[in-house]
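The values are calculated or read from the model by the stated rules, or taken from the named source; none is laboratory data. In this text, all values refer to a predicted model and were calculated from it rather than measured experimentally. Here the Cβ is made from the backbone with ideal geometry for all residues, glycine too, and neighbour counts use every protein chain on show.
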Amino acid sequence: MKYWFLTIIFLSLAISTATGQHIGWLSDTVNLRILVSFFSQASLSGLNEKDYAYKTVQQLTSGIKIDDTASIDKELTNAAISYFSDIVYGNQEVRVPYNGINYYPACLNIRDSILTAMAEDQFATLPARLEPHNVMYMELKEKIAVLENRKKFIFSPVTSDKLDTTNHPLIEKLFQLGITDTPDYTIHEDTLRNKLRLAQGMFEMLEDGTLRPGILEELNISVEKRLYELKHALNTWRWLDCIQQEQPVIIVNIPAANLFYICKDSVLFYTRCIVGKAATPSIPLASSVHEVILFPYWNVPRSIAVNELLPAIQSAPLDYLDYGNYQVLDKAGKVLDPSTIKWQQLNSRNFPYTLRQLFGCDNSLGIIKLNFFSPYSTYLHDTPNKSYFMFNSRYFSHGCIRVEDVDSLAEMLEPALHPFLANAATKVCDLASDSGQLIFPLKHKIPLFILYEVAWPDGKGKICFYDDVYNKIKL
């Protein structure tokens, strides 16, 4: 009898909604109360309660009499759908200026999910059941809850470099950031130093337990800005959830200069990257990797050719081109004899050539390039200069993404690469000169997202705050 009753409720709700009618919230006080509590606690979920019928909810909670119940029920229904859409897909905003795969998450029927939960008396648990469940998302959400609960405390800026119990602003800030459980002004100095090291790790700084200007600057960034960064990242993980539940996805984050290869909430691969410096930034995008190139040519971008290489070439044209293993091509793609070119007459306005670096281990792209379409002429690639990966702030490129362990990633995407990459490094270089450029089209394209998130997990899944290297976060 119980199941027949639930079925009747569900069908009546479904029919009324399908015919354009609303859910009767005002006549269902239990679920109305639950819905209002969802809205009022929206900030803990990285959302804004004012986005969800805020004035109407204020009227209802203050006891003001409602005459037009139909319009209120309709408004609450729309607000409920909007709220749960944000819980599942993230709040609506443009996350990438170029969306080459036309990705818009839509893996759930939000309206039906609400109706089913209400019919089964499970509405109170609906957010927890619908939201993403990967560890990094949960870490972000927990961090938001801590900062939301502690943002009400007003503390003085940290200005002193003393690491002792007299530095109350430091102790208070460590508490506000969730590094300590209480603002303990009797904390032992060694314990305080260890807590400071945790804060330095949170900001990707040298964990030496010393109050330097850099850590003081990070500590004094407002909790409101930190919450904005955390909430933005949380909603981005929501936005990504549908596609990563369906297939493997590559995610590069520019401020973190790292790369995750994930599928169904599992991290399949992680590595560090080098991204564009502020003057030549990497640009967020959504695309798909369609091929792996082994021993790639490098067609030098015109801006690099005329602004950086040309002045050096003009000092010793043949020696420079030979040492760098460069070819000179005309507009038709024909290889030219560089000795026939009047290099001293060339400049940024007069340069009708393309420079191409031949394949090999000294190629600027290294031995591997992951190709994807982009209007910005960017790609993921290897590099012969591995030392830059040792830096915490890895913003050195002209816009492309250099990937530290790109050979491992490439093999995961295309196992046919293994016979080539299994050789010792010297033999791989010999293979380059013997075989030349090899192209491996992927049977299944891999979605790629290049993002800009200041709050982001590191390789261990710990949430860190990275440099806003392009100064994009405006509050």
Applying the selection to the stretch 186-214, what residues are among the charged types (D, E, K, R), assigned to a helix (DSSP H, G or I) and under 23 Å from residue 455 (Cβ atoms)?
-> 195, 197
Search result, residues across the stretch 364-401 that are among the aliphatic types (A, V, I, L, M) and in contact with a Ser or Thr (Cβ under 8 Å, 6 or more places away or on another chain) | 365, 401
Could you list all residues from the stretch 195-214 that are free of Cβ contacts under 8 Å to residues at least 60 places away in the same chain and within 18 Å of residue 183 (Cβ to Cβ)?
-> 195, 196, 198, 199, 211
Does residue 252 fit the bill of being under 26 Å from residue 397 (Cβ atoms) and modelled with pLDDT of 95 or more?
-> yes
The stretch 375-395, subset surrounded by 18 or more Cβ atoms within 10 Å (Cβ to Cβ) and not hydrophobic (A, V, I, L, M, F, W, C), residue nearest to residue 331 (Cα to Cα) = 378
Hey, residue 411 buried (at least 21 other Cβ atoms within 10 Å of the Cβ) and either part of a helix (DSSP H, G or I) or at pLDDT 95 or above (or both) or not | no
Please specify each residue of the stretch 271-298 satisfying the condition of being surrounded by fewer than 19 Cβ atoms within 10 Å (Cβ to Cβ) and either more than 14 Å from residue 369 (Cα to Cα) or touching a Ser or Thr at 6+ places or on another chain (Cβ under 6 Å) (or both).
-> 271, 277, 278, 279, 280, 283
Within the stretch 419-433, identify whether any single residue is among the basic types (Lys, Arg) and at pLDDT below 95, and answer yes or no.
-> yes
Can you run down the residue pairs with Cβ atoms below 6 Å, 6 or more apart or on separate chains, where the first is in the stretch 130-156 and without any contact (Cβ under 8 Å) to a residue 60 or more places away in the chain and farther than 30 Å from residue 112 by Cβ and the partner is small (Gly, Ala, Ser) and surrounded by 15 or more Cβ atoms within 10 Å (Cβ to Cβ)?
-> 146/178
Within the stretch 353-374, is even one residue within 25 Å of residue 449 (Cα to Cα), under 23 Å from the mean Cα position of the chain (by Cα) and in a loop (DSSP other than H, G, I, E, B)?
-> yes
